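Below is one structure, written out as structure tokens, with a few remarks after it.
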Amino acid sequence: MYAQMVDTGAKRLRTSEEMSPEERAFQERIDADIKIEPKDWMPEAYRKTLIRQISQHAHSEIVGMLPEGNWITRAPTLKRKAILMAKVQDEAGHGLYLYAAAETLGVSRDELIADLHSGKAKYSSIFNYPTLTWADIGAIGWLVDGAAIMNQIPLCRCSHGPYSRAMIRVCKEESFHQRQGFDIMMTLCRGTLEQKAMAQDALNRWWWPSLMMFGPPDADSVHSAQSAQWKIKILSNDELRQRFVDQTVPQADYLGIKVPDPLLKWNDERGHYDTSPIDFEELYNVVKGNGPCNRDRLRTRVKAWEEGAWVRDAALAHAEKRAARSARKAA
Ligand code: 3HC
């Protein structure tokens with residue numbers, strides 16, 4: 001994939017001759033699939049792009065709790081409420097895992113949170129869409145977590161040790177997230193006509209934003225070529241997007257609901273589904289802050305951070321007291 005990436009005119013990569021001896025040795029480790037651990041030497045640019053990607057991944061997990069969280073009190077049964085609570089709690093854990101992986105690169109949690117709140121750091125575009133009905137909770141589990149799994153499985157093999165290990169744990173839990181979402185969609189599609197219509201409406205609204213989760217087309221991706229050379233990105237944005245479409249369309253057929261794409265058609269020659277062109281202007285617009293819920297999501301996160309300051313202060317005071325007591329005992 002990386003060779004193809006370079007051909008698409010993405011940012012030109014430096015050749016081995018142009019690298020310093022440390023960079024050459026570093027690239028040889030990457031090429032030999034040796035994990036890069038926190039204490040290993042790494043190019044500053046490698047550290048920076050990992051902080052960028054891992055922190056934005058963590059922000060996505062935390063902001064991603066909001067659209068689903070507002071349905072916990074409105075879940076249709078006690079069972080669905082319990083499942084949704086467990087899922088939303090898992091996302092918080094994924095966020096903590098990923099913030100911890102980012103901190104191994106020498107950045108503090110407070111800096112990362114400040115970058116999110118100032119708008120300097122991104123989170124996944126998908127979480128800027130509203131959850132209008134209970135079927136949206138099914139569509140998010142089925143499509144959004146399904147897309148996240150597609151994107152995160154290759155990350156289990158990425159070159160950065162802490163990130164790849166965090167992903168292995170996260171992916172196990174994502175599979176439960178995807179299954180519970182599909183189960184909600186199946187229940188609705190086997191229910192009344194109104195329930196099936198609600199599932200179809202959710203698919204109509206979440207299909208294209210889920211495809212945009214995989215990022216811009218490879219030709220427009222600024223980071224892909226370098227991320228591929230460093231084995232942060234094992235498969236390209238377009239490759240993962242195509243795999244997601246090929247896997248998900250038969251699931252929609254099984255549910256008996258229609259993917260909202262008039263040009264969607266299986267192409268025997270390619271061995272993939274052909275789709276209509278994706279409106280990447282919508283992605284760029286949402287990423288720029290003009291999605292339906294961007295302002296609301298950030299306002300909610302800033303409010304939660306400010307209202308939670310006393311908890312952090314109390315935990316820190318308690319930790320400092322315990323440390324002082326242990327130091328006195330050791331003296
Ligand atoms: N939403 C927001 N920003 C996006 C985006 C999206 N869907 N797709 C791309 N971007 C941004 C990139 O962050 C980059 O901006 P930056 O330089 O300011 O960071 C820019 O657009 C160019 O995109 P590139 O393709 O060049 O960037 P990457 O190589 O980083 O690829 C990515 C983008 C595929 C999202 C990659 O960062 C990645 O794989 N990240 C890890 C996985 C992740 O973050 N997934 C988000 C969802 S997590 C989730 O769904 C949780 C689940 O529990 C529900």
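Under the Kirkwood approximation for Rh and a Cα-based Rg, what ratio Rg/Rh is obtained for the chain?
Numbers: Rg = 21.5 Å, Rh = 21.5 Å.
Result: Rg/Rh = 1.00.
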note = With only helices counted (DSSP H, runs n ≥ 4, each -39500 (n - 2.57)), the per-residue ellipticity at 222 nm for the chain, to the nearest 500, works out to -20500 deg cm²/dmol
Distant-in-sequence amide H partners of residue 272 (H built 1.01 Å from N, under 5 Å) = 267
remark   = A 1.4 Å probe over the protein heavy atoms gives the chain a carbon and sulfur accessible-area percentage of 58 percent
query = To the nearest 0.05, how large is the calculated FRET efficiency for residue 132 and residue 331 if R₀ is 41 Å and r is the Cβ-Cβ distance?
reply = 0.10
key: Positive-end residue, the chain charge dipole about Cα centroid, Cβ charges, pick of 185, 67, 93   = 93
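Of 269, 174, 194, which has the most accessible area and how do the rest follow, probe 1.4 Å?
269, 194, 174
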request  = Please report, in debye to the nearest 20, how large the charge dipole of the chain is about its Cα centre when each Lys and Arg carries +1 at its beta carbon and each Asp and Glu carries -1 there.
outcome  = 1460 debye
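Taking the Cα centre of region 127-280 as origin, work out the dipole magnitude from +1 charges on Lys and Arg Cβ and -1 charges on Asp and Glu Cβ, in debye rounded to 20.
Numbers: 15 positive and 18 negative charges, 116 e Å.
That gives region 127-280 a dipole magnitude of about 560 debye.
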request  = Express the accessible area of the chain per residue in Å², computed with a 1.4 Å probe while the remaining protein chains stay in the model.
outcome  = 50 Å²
task = Mind checking which of 51, 78, 323 is farthest towards the positive end of the chain's charge dipole, using Cβ charges of +1 (Lys, Arg) and -1 (Asp, Glu) about the Cα centre?
result = 323
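Over its Cα atoms, what ratio of radius of gyration to 2.2 N^0.38 Å does region 85-216 give? Can you show the working numbers first?
Numbers: Rg = 16.4 Å, N = 132, 2.2 N^0.38 = 14.1 Å.
Cα Rg divided by the expected 2.2 N^0.38 Å: 1.16.
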task = Amide H neighbours of residue 160 under 5 Å, at least 5 residues apart or on other chains, H built in the peptide plane: list them.
result = 36
request  = Report the one residue of 221, 197, 260 whose Cα lies farthest in the direction of the positive end of the charge dipole of region 178-268 (charges on C-beta: Lys and Arg +1, Asp and Glu -1; origin at the Cα centre).
outcome  = 197
inquiry  = Taking the Cα centroid of region 74-152 and of region 17-57, what is the distance between the two, rounded to the nearest whole Å?
reply    = 27 Å
query = Expressed in nm², what is the orientationally averaged projection area of the convex hull enclosing the Cα positions of region 270-331?
reply = 10.0 nm²
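Using alpha carbons only, what's the Rg to Rh ratio of region 1-159 with Rh from Kirkwood? Please report the intermediate quantities before stating the final value.
On the way: Rg = 19.1 Å, Rh = 18.1 Å.
On the Cα set of region 1-159, Rg over Rh gives 1.05.
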task = Distance check, please: which entries in 231/303; 81/303; 122/172 exceed 31 angstrom between their Cα atoms?
result = 231/303
query = Hey, with R₀ at 25 Å, roughly what FRET efficiency would residue 24 and residue 222 work out to, going by the Cβ-Cβ distance, to 0.05?
reply = 0.55
note = Evaluated at 37 °C and 0.692 mPa s, the Stokes-Einstein D of region 7-68 based on the Kirkwood radius over Cα pairs, in µm²/s, stands at 231 µm²/s
request  = Between beta-carbons, use under 15 Å as the cut-off and find the net charge around residue 30, counting Lys and Arg +1, Asp and Glu -1.
outcome  = +1
request  = Kindly identify region 140-262 as rounded, prolate or oblate by the Cα gyration tensor criterion: order the square roots of the eigenvalues as a ≥ b ≥ c, call it rounded if a/c is under 1.5, otherwise compare a/b with b/c, prolate if a/b is larger, else oblate.
outcome  = oblate
note = The simple spin-label model distance between residue 40 and residue 157, using points 7 Å out along Cα→Cβ, in nm, is 1.6 nm
key: Charge dipole magnitude, Cβ of K and R +1, D and E -1 - region 226-331, Cα centre, debye nearest 20   = 1280 debye
message = Students often forget the sequence filter, so: which lysines lie under 17 Å Cα-Cα from residue 258 once same-chain residues fewer than 8 apart are removed?
response = 196
query = Where in region 83-113 does the amide nitrogen come within less than 15 Å of the point 7 Å from the Cα of residue 312, taken along Cα to Cβ?
reply = 96, 99-100, 103, 107-113
ask   = If contacts are Cα pairs under 8 angstrom and at least 6 residues apart, what is the relative contact order of region 31-105 in percent?
value = 45 percent
remark   = Contact order relative to length for the chain, counting C-alpha pairs under 8 Å separated by 6 or more residues, stands in percent at 21 percent
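The values are calculated or read from the model by the stated rules, or taken from the named source; none is laboratory data. Just so you know, these numbers come straight off a predicted model, no measurement behind them. In this analysis, Cβ positions are derived from the backbone assuming ideal geometry, glycine residues included, and neighbour counts consider all displayed protein chains. Calculation scope for accessible area: heavy atoms of the full protein, side chains included, ligands and nucleic acids excluded. Shrake-Rupley method; radii C 1.70, N 1.55, O 1.52, S 1.80 Å.
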